[in-house]
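K.L.:
Got a structure for you, questions after.
The values are calculated or read from the model by the stated rules, or taken from the named source; none is laboratory data. Just so we're clear, the structure is a prediction, and the values are computed from it rather than from any experiment. Neighbour counts run over all protein chains shown; Cβ positions are idealised from the backbone, glycine included. The protein model used for the area step is the full one, side chains on, heavy atoms only, and it has no ligands, DNA or RNA in it. Shrake-Rupley method; radii C 1.70, N 1.55, O 1.52, S 1.80 Å.
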Amino acid sequence: MSTIDYTVNSQDLDHNMFAVSIGSDRLLYIRLPCNPIFPIGVVYLSDHIHKVAPHVQQNIFDLGTVPPLDFYAALDRAIDKFQPNLLVFSWRDIQIYAPVGGRGGNPLQNAFEFYYAKNPFKKLRGALNGLRLFTSYYTELWRNSQLIKRGLSRARRYHPEARAVIGGGAVSVFYEQLGNILPKGTIISVGEGESLLERLVQGREIESDRCYVIGETKPRARLIHEQPAPIEKSACDYDYIESIWEDFNYYFRDRDFYIGVQTKRGCPHNCCYCIYTVIEGKQVRINPTDEVIKEMRILYDRGVRNFWFTDAQFIPAKKFIDDAIELLEKVKASGMTDIHWAAYIRADNLTPYLCQLMVETGMSYFEIGITSGSQELVRKMRMGYNLKSVLQNCRDLRAAGFNELVSVNYSFNVIDETLETVRQTIAYHRELEAIFGADKVEPAIFFIGLQPHTHLEDYAFKNNILKEGYNPMSMMPWTAKKLLWNPEPLGSFFGEVCLEAWKRDDGDDFGRTVMNILEERLGRAPLEEALAAPMKELINA
Ligand code: B12
Ligand code: SF4
């Protein structure tokens, strides 16, 4: 049940008993502790609720801006001050496997030292650092569930009927597992939260939304695959946001922050390891460009110069090239000439004109998320990329004057990697270096963190790597080894190459060192081989 039910005595009325549901009208948004990334999710949610239900009182409290020792006391203060009857918790991220220093050091290095090091001292170092990471991971989970419990009981001092609802990126990925660690009665939301919150403030039923209530309902089968509610997005009213958020200026004081602006939702692709396409849905919904520009202008006038288009993909497919062009033409015409922007961009969906616009409007950072330089593997991973077009588009981008850093994401050993496909990836990478300049191309070596509800998870079941019912949130070393995807027979080889790279390098140039070691050991395939996908492989894929 989402609402407070007041049953009116039927004798007072001419007709039978009926129930009037009163919606929540004091919403406190609590962004759970997180590295300081602008909390665009709660900003958009509160903006939406203000537009559809202006009578509702709202307040934003961001634990991302609070020092850890003060978390509990600051939460108490925020609740005592605002006295909410609905606690809207937003949880951004849980998985922290990354090739860079994360909250617990360099998780990839720790894990690889523990799993693959032959030197016992290194193995021990990996184990100790891994233990630190393990402890901080479980402590964070426990702490967040404590914050939710504590917040709820504090709010009930003022409103005994107060409820908690939780959503955000981390919740969308792990909605099934989080039901085991959060308090009964908490509403767990999957994906976009606008329509659910709208229902909660309007006192409507919530069963048909993408959510479930711990202890009362079970998540429906395939809940995550349900389509999000269609919502037409308008420019965020930042004057209103400032009025409900005491620490609003935190992200505006330091000019280095990239402030999120969403230009569309959804991704039509099927990349085997990716869950965005399920969270946001396959149907791409474009936000009206005038509204996007209006929002950027509001932020610009407040001094913002760095924007992150937070779309799952800024140009999800060829048919959205015109939308990207329209948006960037309007950015250009708006006179915001000194801005920088970044986004996830599929480099196969560019045209020379779009490249020119990207450079002219201040695209300052470019990530090429191809995962592998072998066309054969890219197809097997269902990524739908044509690597030849990516190269051509990169040439166009360079010709348009792009001279900034390019990060190329490689995840080795996802599906059917062989030494030959590694040699192809090296060839592809060297070609990108030839286009942009070796000093401008940074290979970012990732290993995929396996996520639930993906094709890769199915593949792991079918190949007996994981068993149904495994816990995707587990960091127990034997499960974590499988989730930090690097299966044998090549797993130990990559483990050893990475260890060698960390030994040679002080950590700043890890990706380049890995590429160099791989080339020293395996050599380089001819580029044509990397770009070709043999038919027999496609049939088997
Ligand atoms: C853009 C993005 C980034 C950008 C952010 C740039 C910026 N300045 O904002 C960058 C590249 C920096 C980034 C980094 C990371 N990211 Co990221 N990122 C995304 C992405 C693609 C979009 C997030 C976003 O802003 N969306 C737009 C806003 C409006 O949506 P939102 O915040 O999710 O909020 C909506 C809903 O979640 C919901 N909602 C939110 N809160 C609540 C609360 C309630 C009660 C309800 C009902 C609903 C609700 O409603 C909101 C409005 O519709 C998502 C994937 C995705 N498609 O969602 C991953 C995602 C959030 N990232 C993720 C991760 C893990 C990371 C990293 C930790 C990766 C890493 N290992 O280093 C880092 C964090 C770095 C750091 N410093 O800590 C994960 C988090 C889940 C998890 N696996 O743990 C996601 C979900 C991707 C994934 N599937 O794994 N990321
Ligand atoms: S294109 Fe990007 S967002 Fe879309 S499914 Fe593939 S990896 Fe995910």
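K.L.:
Given (1) in contact (Cβ under 8 Å) with a residue 24 or more places away in the chain; (2) touching a Ser or Thr at 6+ places or on another chain (Cβ under 7 Å), identify the lone condition not met by Arg210.
P.N.:
(1) is the only condition that Arg210 fails.
Residues are listed down the side, and each one gets a yes or a no for (1) outside any loop (DSSP other than H, G, I, E, B); (2) more than 10 Å from ligand 1 (Cβ to nearest atom); (3) open to solvent by 10 Å² or more (accessible area, probe 1.4 Å); (4) in contact with a strand residue (DSSP E or B) (Cβ under 7 Å, 6 or more places away or on another chain):
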site	(1), (2), (3), (4)
Pro268	no, yes, yes, no
Cys272	no, yes, no, no
Val278	yes, no, yes, no
Leu299	yes, yes, no, yes
Asp311	no, no, no, yes
Phe320	yes, yes, yes, no
Ala342	yes, no, no, yes
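To keep it simple, each residue is scored yes or no on (1) buried (at least 22 other Cβ atoms within 10 Å of the Cβ); (2) within 21 Å of Gly168 (Cβ to Cβ).
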position	(1), (2)
Ile275	no, yes
Thr289	no, no
Val292	yes, no
Arg305	no, no
Trp308	no, yes
Ala317	no, no
Asp323	no, no
Lys332	no, no
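K.L.:
Which condition number does Leu450 fail, the rest of (1) of a type in the set (A, V, I, L, M); (2) open to solvent by 60 Å² or more (accessible area, probe 1.4 Å); (3) more than 18 Å from Gly373 (Cα to Cα) being met?
P.N.:
(2)
K.L.:
Between a first residue in region 268-289 that is at positive phi and a second residue that is away from ligand 1 (no atom under 12 Å from the Cβ), which pairs have beta carbons less than 9 Å apart while being 6 or more apart in sequence or on different chains?
P.N.:
Listed pairs, sorted by first residue: Gly281/His225; Gly281/Glu226; Gly281/Gln227.
K.L.:
For region 352-367, name all the residues that are part of a loop (DSSP other than H, G, I, E, B), in contact with a Lys or Arg (Cβ under 9 Å, 6 or more places away or on another chain) and open to solvent by 20 Å² or more (accessible area, probe 1.4 Å). I'd like the intermediate steps shown before the answer.
P.N.:
Filtering region 352-367 for residues part of a loop (DSSP other than H, G, I, E, B) gives 361-362, 364-365.
Still in the running and in contact with a Lys or Arg (Cβ under 9 Å, 6 or more places away or on another chain): 361-362.
Result: no residue meets the conditions.
K.L.:
Given the structure, is Ala164 open to solvent by less than 10 Å² (accessible area, probe 1.4 Å) and touching a helix residue (DSSP H, G or I) at 6+ places or on another chain (Cβ under 7 Å)? Break it down stepwise before answering.
P.N.:
Details: open to solvent by less than 10 Å² (accessible area, probe 1.4 Å): yes; touching a helix residue (DSSP H, G or I) at 6+ places or on another chain (Cβ under 7 Å): yes.
Here the answer is yes, as Ala164 does meet what is asked.
K.L.:
Something else: Just name the residue that is nearest to ligand 1 (Cβ to nearest atom) out of those in region 84-107 that are at pLDDT below 75 and touching a Phe, Trp or Tyr at 6+ places or on another chain (Cβ under 8 Å).
P.N.:
Among those residues, the one meeting the criterion is Ala98.
K.L.:
Among the residues of region 228-250, which ones are more than 16 Å from ligand 2 (Cβ to nearest atom) and either within 30 Å of Ile448 (Cβ to Cβ) or of a type in the set (A, V, I, L, M, F, W, C) (or both)? Full working, then the answer.
P.N.:
Filtering region 228-250 down to residues more than 16 Å from ligand 2 (Cβ to nearest atom) leaves 229-250.
Answer for region 228-250, where residues must be more than 16 Å from ligand 2 (Cβ to nearest atom) and either within 30 Å of Ile448 (Cβ to Cβ) or of a type in the set (A, V, I, L, M, F, W, C) (or both): Ala229, Ile231, Ala235, Cys236, Ile241, Ile244, Trp245, Phe248.
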